[in-house]
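Accompanying notes for the structure given below.
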Amino acid sequence: MRIQPQPFEGYRIAILETRQATELAGLLERRGAIVERCALIGIKPAPDTKPVDEWLRRFIEDREINDLVIVTGEAIRRLHDRAQLIGVDAALRDRLAQVNLLTRGPKPGRVLRQWGLSETVRSETPTTDGLIQTLDARGISSKAVGIALYGTEPNQPLQDAIAAIGAEPVPVWPYVYTDHNDEQGAKALVERIIEGGIDAIVFSSKRQADVLMQIARTQGVEETLRNALGSMTVAAMGPVVEEKLRSLTIHVDAAPAGRYFMRPLTDALAQALPAR
């Protein structure tokens with residue numbers, strides 16, 4: 001009886017994931033891949049915790065905030081972590097149970113379910129435009145709307161959309177990204193890609209694309225790397241990452257359709273890789 005080869009057998013695949021690196025690597029390795037891991041970004045709590053603490057106290061106490069927009073799962077997790085440190089985690093969970101929770105994509109909902117909560121509504125597409133369309137369609141009765149964001153990006157289009165509805169946007173940034181989490185590994189990965197030693201690469205966040213090109217730029221090989229990526233299979237986790245890659249003139253061969261998790265991402269990659 002002939003044994004069918006695994007879909008990734010013989011392929012060397014680079015992953016840039018930090019938080020779910022073990023999960024992603026396992027999905028690929030169990031199907032035959034040789035995985036090259038390179039953590040391009042790190043995540044840490046906001047260096048200035050005072051604004052986060054002030055936001056938490058206002059959100060818990062201000063009854064004019066009846067809606068919370070949660071952009072990432074990491075944002076709500078980090079808010080809860082900070083609430084634990086200052087002793088208001090129970091009050092935060094109670095307040096979350098009282099307000100309308102609008103999420104961008106499935107990940108925030110997964111975090112909420114850990115505390116026995118669920119989102120009120122999820123945007124149809126996990127993008128800022130998707131959030132804005134959902135806000136417009138649903139409407140808001142709050143005088144103020146909390147927004148759990150990430151990094152230091154203001155997401156001005158989202159804040160402007162909330163203001164246009166007639167509510168005050170109340171944003172918070174509970175965590176930031178740190179670049180070059182593995183700088184030496186990143187430089188070595190750029191060299192291997194240029195040399196043709198990698199068959200496919202998986203981008204699971206748009207920041208990874210920026211950092212990879214930044215590393216190449218410091219080495220003076222940005223265009224060389226872009227050309228090398230053109231001969232590889234490139235996978236992207238969802239429309240936000242696809243848009244970023246295309247803005248950098250990097251093509252995308254594989255992306256999950258509608259379900260933005262690691263398993264659908266690897267399934268899409270398996271379909272996109274050329275047969276051997």
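The values are calculated or read from the model by the stated rules, or taken from the named source; none is laboratory data. Every value quoted in this text rests on a predicted model; they were computed, and no experiment measured them. Cβ sites come from the backbone with ideal geometry, for glycine too, and all protein chains shown count toward neighbours.
Assorted remarks:
- Lone qualifier among Leu68, Leu79, Leu131 - being in contact (Cβ under 8 Å) with a residue 40 or more places away in the chain, buried (at least 17 other Cβ atoms within 10 Å of the Cβ) and closer than 22 Å to Ala257 by Cβ: Leu131
- Any hit, region 175-187, residues being in contact with a Gly (Cβ under 7 Å, 6 or more places away or on another chain) and of a type outside the set (S, T, N, Q): yes
- The listed residues are Ala164, Ala188, and the only one of them that is surrounded by fewer than 17 Cβ atoms within 10 Å (Cβ to Cβ), in the same structural domain as Lys143 (by TED's automatic domain parsing) and more than 22 Å from Ala270 (Cα to Cα) turns out to be Ala164.
- Residue match in region 223-236 (condition: under 19 Å from Asp129 (Cα atoms) and buried (at least 21 other Cβ atoms within 10 Å of the Cβ)): yes
- Among (1) out of contact with any Lys or Arg (no Cβ under 8 Å at 6 or more places or on another chain); (2) part of a helix (DSSP H, G or I); (3) at pLDDT 95 or above, the one test that Leu68 misses: (2)
- Entry remark, region 82-99: residues being under 23 Å from the mean Cα position of the chain (by Cα) and touching a residue at least 40 places away in the same chain (Cβ under 8 Å) number 1 in total.
- When Gly151 is tested against (1) over 18 Å from the mean Cα position of the chain (by Cα); (2) surrounded by fewer than 20 Cβ atoms within 10 Å (Cβ to Cβ), only condition (1) is not met.
- 1 or more residues within 28 Å of Arg110 (Cβ to Cβ) and not aromatic (Phe, Trp, Tyr): qualifying helices (runs of 4 or more DSSP H) within region 187-271: 206-219, 238-247
- Tabulated pairs, region 101-112, first in contact (Cβ under 8 Å) with a residue 24 or more places away in the chain and at positive phi, second buried (at least 21 other Cβ atoms within 10 Å of the Cβ) and part of a helix (DSSP H, G or I), C-beta under 8 angstrom, 6+ apart or interchain: Gly105/Gly238
- Any chance Ser118 is surrounded by fewer than 15 Cβ atoms within 10 Å (Cβ to Cβ) and touching a residue at least 24 places away in the same chain (Cβ under 8 Å): no
- Applying the criterion of being part of a loop (DSSP other than H, G, I, E, B) and at pLDDT 90 or above to the residues of region 136-160, the residue that is farthest from Val111 (Cα to Cα) is Lys143.
- Of all residues in region 28-65 being in a strand (DSSP E or B) and among the basic types (Lys, Arg), the one that is farthest from Leu112 (Cα to Cα): Arg37
- Residue pairs whose Cβ atoms lie under 7 Å apart, separated by 6 or more positions or on different chains, with the first residue in region 190-214 and in contact (Cβ under 8 Å) with a residue 12 or more places away in the chain and the second basic (Lys, Arg), are Gly197/Arg12; Ile198/Arg12; Ile198/Arg192; Asp199/Arg12; Lys206/Lys244; Ala209/Lys244.
- The requirement of being closer than 21 Å to Arg77 by Cα, out of contact with any helix residue (DSSP H, G or I) (no Cβ under 6 Å at 6 or more places or on another chain) and aromatic (Phe, Trp, Tyr) is fulfilled nowhere in region 138-155; no residue meets it.
- Of all residues in region 241-266 being without any contact (Cβ under 8 Å) to a residue 12 or more places away in the chain and either under 22 Å from Gly230 (Cβ atoms) or among the hydrophobic types (A, V, I, L, M, F, W, C) (or both), the one that is surrounded by the most Cβ atoms within 10 Å (Cβ to Cβ): Arg246
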